[in-house]
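The values are calculated or read from the model by the stated rules, or taken from the named source; none is laboratory data. Everything numeric here is computed off the predicted structure, so don't read it as measured data. Neighbour counts run over all protein chains shown; Cβ positions are idealised from the backbone, glycine included.
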Amino acid sequence: MTALSGAHTIGQAQCSQFDDRIYNDRNINATFAALLRRTCPRGGSNALAPLDGETPYRFDNGYYRELVAQRGLLQSDQVLFNGGSQDGLVRRYSVDGAAFARDFAAAMVKMGALSPRPETAGEVRLVCNRVN
């Protein structure tokens, strides 16, 4: 899961998805939070911010460097580097882009081989948070 989370090296999120983090969390770089508050008012907005502020348009290990620096945009990302069991792997990926790329590819292949649970029909959603 830690390797797959690296897909967040590309993409953006709306302020409403992380405004609670930039106003209330303690495990966030203070300068980073203050910068985001300029465009994201309390209560959220439709403004966007990159999930990986270091290299937002490159698929690389910048996402992990951001986590180590406590600049994970989403709380669900920053929890990967917060004094827990995944800290070592996040540190490794932050300095070894080849290890991240290798593990990410292997995890994607493994995930792609999964079938829907037998008791469900399964579906590919056109809009992620809405049933087709």
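Miscellaneous remarks
- Qualifying residues in the stretch 14-28 (those that are in contact (Cβ under 8 Å) with a residue 40 or more places away in the chain and surrounded by fewer than 17 Cβ atoms within 10 Å (Cβ to Cβ)) - the one nearest to ALA107 (Cα to Cα): ASN27
- Residue match in the stretch 45-62 (condition: touching a helix residue (DSSP H, G or I) at 6+ places or on another chain (Cβ under 6 Å), among the hydroxyl-bearing types (Ser, Thr, Tyr) and closer than 20 Å to ASP20 by Cα): yes
- The listed residue being touching a strand residue (DSSP E or B) at 6+ places or on another chain (Cβ under 6 Å) and closer than 27 Å to ASN129 by Cβ, out of PRO56, PRO116: PRO56
- Top-ranked residue of the stretch 68-104 - restricted to ones that are in contact with an Asp or Glu (Cβ under 7 Å, 6 or more places away or on another chain) and under 17 Å from GLN12 (Cβ atoms), ranked as surrounded by the fewest Cβ atoms within 10 Å (Cβ to Cβ): GLN75
- Looking only at residues in the stretch 37-59 that are in a loop (DSSP other than H, G, I, E, B) and among the polar types (S, T, N, Q), the one that is modelled with the lowest pLDDT is SER45.
- Contacts under 8 angstrom Cβ, first residue in the stretch 29-44 being within 24 Å of PHE81 (Cβ to Cβ) and free of Cβ contacts under 8 Å to residues at least 40 places away in the same chain, partner surrounded by 14 or more Cβ atoms within 10 Å (Cβ to Cβ) and acidic (Asp, Glu), 6 or more apart: ALA33/ASP25; CYS40/ASP19
- Unique match (being touching a residue at least 24 places away in the same chain (Cβ under 8 Å), aromatic (Phe, Trp, Tyr) and either crowded, with 17+ Cβ neighbours inside 10 Å or within 19 Å of CYS15 (Cβ to Cβ) (or both)) among TYR63, TYR57: TYR63
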